[in-house]
Amino acid sequence: MKAYIRYRPLIRNLRSTTEITDEGIRQLLELPMIEQEVDKGYEVVHEGDHPTRCCLVLEGFAFRYRILVDGSRQLVAFNVP
């Protein structure tokens with residue numbers, strides 16, 4: 001499975017933290033997946049949005065933040081591959 005190679009880190013993580021079966025892995029890889037390269041500063045989801053898909057960082061870094069009452073950003077999480 002070509003997709004298995006690309007998503008090997010995700011699958012390795014799932015196997016180390018859950019009891020996912022080979023059938024579960026197969027079903028995961030059959031889900032519709034779209035790879036999208038984004039530029040620095042691109043906002044994947046805005047605060048208050050109701051996302052309809054999930055995102056997985058394959059390369060690079062991303063972070064989540066909240067807007068504070070004074071308008072500044074508070075980083076709340078870093079997302080790494």
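Values as computed for the structure displayed
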quantity: Net charge dipole size for the stretch 1-75 [Lys, Arg +1 and Asp, Glu -1 on Cβ; Debye, nearest 20]; calculated: 240
quantity: Candidates per GluC sites (Glu not before Pro) in the chain, loop by DSSP, up to 14 other Cβ within 10 Å; calculated: E19, E35, E37, E43, E47, E59
quantity: Exposed-loop-free span, longest in the chain, where trypsin sites (Lys or Arg not before Pro) count as exposed if DSSP calls them loop and at most 11 other C-beta atoms lie within 10 Å; calculated: 1-39
quantity: Potential lengthening between L58 and E37 on full extension [0.36 nm per residue; Cα-Cα distance subtracted]; calculated: 6.6 nm
quantity: Calculated from backbone phi, Karplus (6.51, -1.76, 1.60) coupling profile of the stretch 46-57 in Hz, x at Gly/Pro; calculated: 9, 4, x, 5, 10, x, 10, 8, 10, 10, 10, 7
quantity: Förster-model FRET efficiency, 35 Å R0, A77 and Q27, C-beta, rounded to 0.05; calculated: 0.80
quantity: In nm, spacing of pseudo-spin labels at S16 and L68 (7 Å Cα→C-beta vector); calculated: 3.4
quantity: Debye intensity ratio I(q)/I(0), log10, the chain, q values 0.19 Å⁻¹ (C-alpha model); calculated: -1.00
quantity: Helix-only [θ]222 nm of the chain, DSSP H runs n ≥ 4, -39500 (n - 2.57) each, per residue, nearest 500; calculated: -8000 deg cm²/dmol
quantity: For the chain, accessible area per residue (1.4 Å probe, heavy atoms of protein chains only), Å²; calculated: 92
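The values are calculated or read from the model by the stated rules, or taken from the named source; none is laboratory data. None of these values were measured; they are calculated from a predicted model. Cβ atoms come from the backbone with ideal geometry, glycine included; neighbour counts cover every protein chain shown. All accessible areas refer to the heavy atoms of the entire protein, side chains included, with ligands and DNA or RNA removed. Shrake-Rupley method; radii C 1.70, N 1.55, O 1.52, S 1.80 Å.
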